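*Asks:* To start, I am sharing the structure in question, which I have written as structure tokens.
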Amino acid sequence: MKSDQLITHVLNELGMHRQLLLAFSGGLDSTVLLHLLVQLRHQHPELQLRAIYIHHGLHASSDAWANSCQKQCVAWQVPLTIQYVQVDLRCGGIEAAARTARYTVFAKTLKAREVLVTAQHLDDQSETFLLALKRGSGPAGLSSMSMYSSVNNYVLLRPLLSCARIQLEAYAQQHNLFWINDDSNQDTRFDRNFLRRNVLPLLKQRWPHFASAVARSAHLCAVQEQLLEELSAEKLDALLAPDNSLEVKSLFRYSEACRFLLLRHWISRYNVTLPSYLQLQRLWDEVILSRADATPRLQLGSYQIRRFRGRLYLLSLMASLHNIRLNWSRIAPLILPDGLGILISDTGDICLRPPKPEEKVSIRFCARGYVRIVGRTYARPMKKLWQELSIPPWLRKRTPLIYYNDQLIAALNIFICEEGRVLRKEQLWRLHWDKNL
């Protein structure tokens, strides 16, 4: 494909989208795509382009790479945002954890009407397909990447997905482009690098059109998966509550194949990595079939699935807040940890008696002992109280608890203790818990 043909190809893949955020690493692929988009901007002045570099901090050269990307974007007059992230290794290994960190930042950085553009190409598609095959994935996993997809309420475009890496190399050489060579890409301990260096060259040597054949198979798997999802949508909707939790009991009326299909499509609605067949079997055996009084969980990469009172819940991984204590003067809003939102004083529907001058207000996430709440004539152990109020175990450790000194006053939006009851209407303290920080 010639240079002008490649530019036209990218324009066609962009469709009507003209506000673009490019995921820019400084490597060959994203450098070529950035150059192509800059050429398109000359031809189509209405195209708005900016780039983002994710600084994972995993390599000694990370700072140098960020500086190199900055210089390139300045030279081509493309605004660049550099975002620093911390990679959570609980999210299924370093490669998966880094990817999770990147896409979390992408979702937060995108502006209204802006689409994310990434530089995956035909050879990347082959690697993704083979990795899914290695995991024992079904049609959903084998469908690999699509040219156009919707992720976490934003649009993701991969305009180079049908282009081979050799075409990108030729374009880069023709235009004398400079790009970063990440030496970690040579480390065959990583599965993707092993495929790229040791497996795919042999396959393409024997079958030169192997990558194109894989792309066709991936497309057919995607079509089949879409059909299955459409056929199962009505069954799945009947099992869901407004909070998207899934009823367990009704799954038993279906065959194993249908049960696993429904579970997989339920998980896919959360835009997370889909489980393999073996992981689905573990979900069935270890979570769904565990004893009735258990509170089982299964971690799958960056998320977990838990059962509570006959329903399944898909949750992100949560930091422990057990020992956290936040003193609050009530003068300024208080930001809560781990994305739980913000507390605002003197407004809202939560009404407590105001603290006395000698009482210090604090927020905690752990309570023990007996508690008497407003409306009851007796105290109950905290553990029993959570159960009686049908609060799932994970929310019991993430609900802000108001303390005056060491006296529990309220669990926000759940209950108020007798010690926090408003005695006179003209004397109360209002507060608001905004969960959408």
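*Asks:* Based on the alpha-carbon gyration tensor of the range 241-316 and its eigenvalue square roots a ≥ b ≥ c, which shape applies: rounded if a/c is under 1.5, prolate if not and a/b is larger than b/c, or oblate?
*Replies:* Taking the square roots of the gyration eigenvalues as a ≥ b ≥ c, the range 241-316 is rounded.
*Asks:* Oh, and also: What is the local net charge at His55, summed over the other residues whose Cβ is closer than 11 Å to its Cβ (Lys, Arg +1; Asp, Glu -1)?
*Replies:* Taking every other residue near His55 into account, the sum is 0.
*Asks:* Can you give me the distance in nm between label points at Leu389 and Gln205, each placed 7 Å from the Cα along the Cα-to-Cβ direction?
*Replies:* 6.7
*Asks:* Let's test the formula: R0 of 60 Å, r as the Cβ-Cβ distance of Val223 and Glu358. What FRET efficiency results, to the nearest 0.05?
*Replies:* Computed FRET efficiency for Val223 and Glu358: 0.30.
*Asks:* Rounding to the nearest 10 and keeping the result within 0 to 90°, find how far the Cα-based axis of helix 28-43 lies from the longest principal axis of the chain.
*Replies:* 80
*Asks:* Let me ask you something else. Using 0.36 nm times the number of residues separating Lys249 and Val422, minus their current alpha carbon distance, what extension gain do you get?
*Replies:* Here the answer is 58.0 nm.
*Asks:* Can you give the angle from 0 to 90° between the axis of helix 3-14 and the longest principal axis of the chain, with both taken from C-alpha atoms, to the nearest 10?
*Replies:* Long axis of 3-14 versus the principal axis of the chain: about 30 degrees.
*Asks:* In whole Hz and in residue order, list the ³J(HN,Hα) couplings for the range 102-109 that follow from phi through the Karplus curve 6.51 cos²θ - 1.76 cosθ + 1.60, θ = phi - 60°; x for Gly and Pro.
*Replies:* 4, 6, 5, 5, 3, 4, 7, 8
*Asks:* If I model a spin label as a point 7 Å beyond the Cα along the Cα-Cβ vector, how far apart are those points for Cys258 and Arg430 in nm?
*Replies:* Label at Cys258, label at Arg430, 5.2 nm between them.
*Asks:* Would you mind calculating the gained length between Ala319 and Asp187 on full extension (0.36 nm times residue separation, minus the Cα-Cα distance), in nm to one decimal?
*Replies:* 44.4 nm
*Asks:* Any idea what angle helix 62-75 forms with the longest principal axis of the chain, computed on alpha-carbon atoms, 0 to 90 degrees, nearest 10?
*Replies:* Approximately 60 degrees, to the nearest ten.
*Asks:* Can you compute the modelled spin-label distance between Thr8 and Ser268, with each label point 7 Å from Cα toward Cβ, in nm?
*Replies:* Output for this residue pair reads 3.5 nm.
*Asks:* Post the alpha-carbon centroid distance, the range 368-437 to the range 1-16, in whole angstrom.
*Replies:* Computed from Cα coordinates, the inter-centre distance equals 60 Å.
*Asks:* Over its Cα atoms, what ratio of radius of gyration to 2.2 N^0.38 Å does the range 289-380 give?
*Replies:* So the range 289-380 has a normalised radius of gyration of 1.46.
*Asks:* Further question on the same structure: What does the C-alpha gyration tensor say about the overall shape of the range 304-437? Classify as rounded when a/c is under 1.5, otherwise prolate if a/b is larger than b/c, or oblate.
*Replies:* Oblate is the answer for the range 304-437, as a/c is 1.5 or above yet b/c matches or exceeds a/b.
*Asks:* Give me the Kirkwood hydrodynamic radius of the range 3-216 in Å, from all C-alpha pairs, to one decimal place?
*Replies:* 18.0
*Asks:* Which one of Ala367, Ser150, Leu168 has its Cα pushed farthest toward the positive end of the charge dipole of the chain, where Lys and Arg give +1 and Asp and Glu give -1 at the Cβ?
*Replies:* Ala367
*Asks:* Would you indicate which of [x] 48, 29, 19; [y] 36, 34, 19; [z] 38, 28, 19 is the value of semi-axes √(5λ) of the Cα gyration tensor in Å derived from the coordinates of this structure?
*Replies:* Computing semi-axes √(5λ) of the Cα gyration tensor in Å and matching it to [x] 48, 29, 19; [y] 36, 34, 19; [z] 38, 28, 19 gives [x].
*Asks:* Net charge near Trp179, counting Lys/Arg +1 and Asp/Glu -1 over other residues with Cβ under 15 Å of its Cβ?
*Replies:* Summing Lys and Arg as +1 and Asp and Glu as -1 gives -2.
*Asks:* Want the number for Arg376 to Gln70: 0.36 nm per residue separation, take away the alpha-carbon distance, what's left?
*Replies:* 103.9 nm
*Asks:* OK, next. Given R₀ = 45 Å, FRET efficiency for Leu278-Asp406 by Cβ-Cβ distance, to 0.05?
*Replies:* The formula returns an efficiency of 0.40 here.
*Asks:* Going by how many other beta carbons lie within 10 Å of each one, how would you line up His59, His17, His42, His265, fewest first?
*Replies:* His42, His59, His17, His265
*Asks:* Across bins of 5 angstrom width beginning at 0, how are the C-alpha pair distances of the range 87-188 distributed, in whole percent?
*Replies:* 2, 10, 13, 20, 24, 18, 9, 3, 0
None of the figures in this text is laboratory data; all of them are computed from the coordinates on show. All of these numbers come straight from a predicted model, not from anything done at the bench. Counting neighbours? That spans all protein chains shown, and the Cβs are built from the backbone with ideal geometry, glycine included.
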